[in-house]
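The values are calculated or read from the model by the stated rules, or taken from the named source; none is laboratory data. Source: prediction; values computed, not measured. With ideal geometry, Cβ positions are generated from the backbone for all residues, glycine too; neighbour counts draw on all protein chains shown. The area values use the complete protein model at the heavy-atom level, side chains included, leaving out ligands, DNA and RNA. Shrake-Rupley method; radii C 1.70, N 1.55, O 1.52, S 1.80 Å.
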Amino acid sequence: MPDPSTLVLVALACLLLAVVPGPAVIYIVTRSTSQGRSAGLMSVMGIHVGTLVHVMAATLGLSAVLVRSGVVFNVVKYAGAAYLVYLG
């Protein structure tokens, strides 16, 4: 069992990570304040849809395939880059 001082440090680090907003929260707040409530709600929906796709891919084992196959990883990477260029 770890020292009590180590447990306190880990607990404080966890609390700090839970309190500090991540990039998704900052994005939602920024969109909401600059473009209104509907834009903020659309941002929330988009982030949640992206999270669901990510979780579904991880559940289906896509992460393991990407780690083991460099070719598949590069295909996904370049497809994502092409999509970002298309959006731009």
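May I ask you to list the residues in the stretch 36-66 that are surrounded by 10 or more Cβ atoms within 10 Å (Cβ to Cβ), more than 23 Å from PRO23 (Cβ to Cβ) and of a type in the set (Gly, Ala, Ser)? Residue satisfying the conditions is ALA64 alone. Only a single item in (1) modelled with pLDDT of 95 or more; (2) touching a helix residue (DSSP H, G or I) at 6+ places or on another chain (Cβ under 8 Å) is not met by ILE47, and it is number (1).
Please indicate, with yes or no, whether at least one residue in the stretch 4-24 is surrounded by 11 or more Cβ atoms within 10 Å (Cβ to Cβ) and polar (S, T, N, Q). No, the conditions are met nowhere in the stretch 4-24. A search for C-beta distances below 6 Å between a residue of the stretch 67-80 that is open to solvent by 70 Å² or more (accessible area, probe 1.4 Å) and any residue that is of a type outside the set (Gly, Ala, Ser), counting only pairs 6+ apart in sequence or on different chains, returns PHE73/LEU66.
This table checks each residue for (1) in a helix (DSSP H, G or I); (2) within 21 Å of the chain's Cα centre (by Cα); (3) aliphatic (A, V, I, L, M).
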position: VAL8; (1), (2), (3): yes, no, yes
position: THR51; (1), (2), (3): yes, yes, no
position: VAL71; (1), (2), (3): yes, no, yes
position: VAL76; (1), (2), (3): yes, yes, yes
position: ALA79; (1), (2), (3): yes, yes, yes
